[in-house]
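Here's the structure we're looking at; comments come further down.
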Amino acid sequence: MASDQDLVVETVRDILAGHEPFVLSPERPWDDGLWRDLAEAGLTGVGLPEEAGGSGGEPADAVAVVRTLAAGAAAVPVAEQILVAGPALLAAGLDLPSPEEPLSVAAAGAVTAERSDGGWSLTGTATDIPWSGVAAHLAVLAAGPSGPVLARVAADGLDASDARNLAGEPRGSVVFDGTPADAAELTFEQAEELRARHALARAVQLSAAAEQVLAWTVQYAGERQQFGRPLGRFQAVQVELAQMAGEVTAAAALTDAAVQVLEHGGDLTIAAAAAKVRAGAAVEVVAGLGHQVHGAIGFTQEYRLHHLTRRLWSWRDEAGSELHWARVLGAGLVARSGDDLWGALTRAV
């Protein structure tokens, strides 16, 4: 019998089947039709509690939705909404916007929050905002008078710069000038968890996209004939496919381990850091060899491969680079392992 999670994944796949990936442009920066269909099915609120306006379910259910959409090159801010911004707002005691309205997170840049007339106001610039100009609401991580602050801001009326990643996904900046916001003070641990969730969301997407690139490459190598036999029969190609499979498996293992920590508790920062570093490192091999096996057709606009490889190259550097998270991982292991450094290392990586 299929589990609830299997049914959720099947529903996402059925909806994706009606929305082919396309090249993003300033005129069409996201797939609003796909978002509407996902929202109508309640999939933009998976993992968020029903009493807060979400669709219910466990964090693993939200991860399953994000993985499926990433493998399908879906141009929608679901990962940001159900894995990062939504849970962060609820943890801070702030109201969750309607899941039918896209919500994103602004965790980079220099934004300060000050109390103003009984409320809060934001000043400064938030940078590299996923789906800027598309999201109706933003969860903004800011510096407050005595520590971090999380603010919920309506994006209407905010001018976002027209910046995009290699895949064409909006990644602009927003300038706040005394912008009113609903906000709450966070502990440093809560701010750290928000950043870790953001990194884990990207690791989940990277792992899923890499797995799909591998599947397409294996399929292509089995179908494409060269010198009278399939490409996959050549030893050199078999070695490349094995290298890709090793990278995909390693990234999936650490990402799955981090998801387990997210669901059952533990040191999410260490787990997410390890997952983001390993998933990012897999990109060079998986994307590079995927294109090498495909040859010229892999670089054509009409072929499906570039929809995922351009996202792989983009997501690798988002929510913190491998270097950033490697430093976080190293410092965290040294600080938290005590006399059991080797045990901490083997548990994390």
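The values are calculated or read from the model by the stated rules, or taken from the named source; none is laboratory data. Computed from a prediction, not measured in an experiment: that's the story for all the values here. Here Cβ is always computed from backbone atoms with ideal geometry, including for glycine, and neighbour counts include all displayed protein chains.
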**Report entry** Check on TYR220, more than 22 Å from SER321 (Cβ to Cβ), outside the structural domain of GLN81 (by TED's automatic domain parsing) and part of a helix (DSSP H, G or I)
**Finding:** yes
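Only one residue in LEU69, LEU90 is closer than 22 Å to GLY133 by Cβ, at pLDDT 95 or above and among the hydrophobic types (A, V, I, L, M, F, W, C). Which one? Outline the logic, then answer.
Working: LEU90 fails: closer than 22 Å to GLY133 by Cβ.
Selected residue: LEU69, the only one of LEU69, LEU90 that is closer than 22 Å to GLY133 by Cβ, at pLDDT 95 or above and among the hydrophobic types (A, V, I, L, M, F, W, C).
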Query raised in the report: Only one of (1) closer than 21 Å to HIS307 by Cβ; (2) in contact with a Lys or Arg (Cβ under 6 Å, 6 or more places away or on another chain) is not met by VAL84, so which one is it?
Result: (1)
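Rundown of residues vs (1) within 19 Å of THR217 (Cα to Cα); (2) assigned by TED's automatic domain parsing to the domain that holds PRO21; (3) in contact with an Asp or Glu (Cβ under 8 Å, 6 or more places away or on another chain); (4) not β-branched (Val, Ile, Thr), yes/no style:
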{"residue": "HIS264", "(1), (2), (3), (4)": "no, no, no, yes"}
{"residue": "TYR303", "(1), (2), (3), (4)": "yes, no, no, yes"}
{"residue": "LEU308", "(1), (2), (3), (4)": "yes, no, no, yes"}
{"residue": "ALA319", "(1), (2), (3), (4)": "no, no, no, yes"}
{"residue": "VAL334", "(1), (2), (3), (4)": "no, no, no, no"}
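In this structure, is THR255 β-branched (Val, Ile, Thr) and closer than 16 Å to GLU322 by Cα? Working first, answer last.
Numbers: β-branched (Val, Ile, Thr): yes; closer than 16 Å to GLU322 by Cα: yes.
Spelling it out, THR255 is indeed β-branched (Val, Ile, Thr) and closer than 16 Å to GLU322 by Cα.
Name every residue in the range 272-315 that is of a type in the set (D, E, K, R) and free of Cβ contacts under 8 Å to residues at least 12 places away in the same chain, in order of residue number. Write out each step before concluding.
Our first condition is that a residue be of a type in the set (D, E, K, R); within the range 272-315, this holds for 276, 278, 284, 302, 304, 310-311.
GLU284, GLU302 - these are the residues of the range 272-315 that are of a type in the set (D, E, K, R) and free of Cβ contacts under 8 Å to residues at least 12 places away in the same chain.
Conditions tested, residue by residue: (1) outside any helix (DSSP H, G or I); (2) over 20 Å from ALA208 (Cα atoms).
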residue: GLN5; (1), (2): no, no
residue: THR11; (1), (2): no, no
residue: PRO26; (1), (2): yes, yes
residue: GLY33; (1), (2): no, yes
residue: ASP37; (1), (2): no, yes
residue: GLU51; (1), (2): no, yes
residue: ALA62; (1), (2): no, no
Query raised in the report: Using beta carbons and a limit of 8 Å, which pairs, at least six apart or on different chains, have the first residue in the range 84-98 and more than 15 Å from HIS198 (Cα to Cα) and assigned by TED's automatic domain parsing to the domain that holds ILE129 and the second one assigned to a loop (DSSP other than H, G, I, E, B) and of a type outside the set (Gly, Ala, Ser)?
Result: LEU90/LEU48; LEU90/PRO49; LEU90/LEU96; ALA92/LEU186; LEU96/LEU48
Report task. Only one of these is at pLDDT below 95, more than 17 Å from the chain's Cα centre (by Cα) and surrounded by fewer than 21 Cβ atoms within 10 Å (Cβ to Cβ): LEU7, LEU16. Name it. Result -> LEU7
Requested in this report: Select, from LEU231, LEU206, the only residue that is modelled with pLDDT of 95 or more and crowded, with 20+ Cβ neighbours inside 10 Å.
Outcome: LEU206
Report summary line: Expected output for the range 236-264 (first residue without any contact (Cβ under 8 Å) to a residue 12 or more places away in the chain, partner surrounded by fewer than 22 Cβ atoms within 10 Å (Cβ to Cβ) and small (Gly, Ala, Ser), Cβ below 7 Å, 6+ apart or cross-chain) is GLN238/GLY232
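Return yes or no: is ALA201 under 17 Å from LEU141 (Cβ atoms), in contact (Cβ under 8 Å) with a residue 24 or more places away in the chain and crowded, with 22+ Cβ neighbours inside 10 Å?
Considered against the rule, which asks whether it is under 17 Å from LEU141 (Cβ atoms), in contact (Cβ under 8 Å) with a residue 24 or more places away in the chain and crowded, with 22+ Cβ neighbours inside 10 Å, ALA201 comes out as yes.
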Query - strands (runs of 3 or more DSSP E) enclosed by the range 67-177 - at least 2 residues per element that are surrounded by fewer than 18 Cβ atoms within 10 Å (Cβ to Cβ) and touching a strand residue (DSSP E or B) at 6+ places or on another chain (Cβ under 9 Å) - result: 108-116, 119-130
Query raised in the report: Looking at (1) more than 19 Å from the chain's Cα centre (by Cα); (2) modelled with pLDDT under 95; (3) surrounded by fewer than 19 Cβ atoms within 10 Å (Cβ to Cβ), which is the only condition ARG28 fails?
Result: (2)
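Which of the following residues is in contact with a helix residue (DSSP H, G or I) (Cβ under 6 Å, 6 or more places away or on another chain), of a type in the set (Phe, Trp, Tyr) and closer than 30 Å to GLU223 by Cβ: TRP325, TRP315?
Values: TRP325 fails: closer than 30 Å to GLU223 by Cβ.
None of the other options fit; the residue is TRP315.
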Report task. From (1) surrounded by fewer than 21 Cβ atoms within 10 Å (Cβ to Cβ); (2) out of contact with any Lys or Arg (no Cβ under 8 Å at 6 or more places or on another chain), pick out the condition that doesn't hold for GLY57. Result -> (1)
Query raised in the report: Of (1) aliphatic (A, V, I, L, M); (2) modelled with pLDDT of 95 or more; (3) out of contact with any helix residue (DSSP H, G or I) (no Cβ under 6 Å at 6 or more places or on another chain), ALA160 satisfies all except one. Which?
Result: (2)
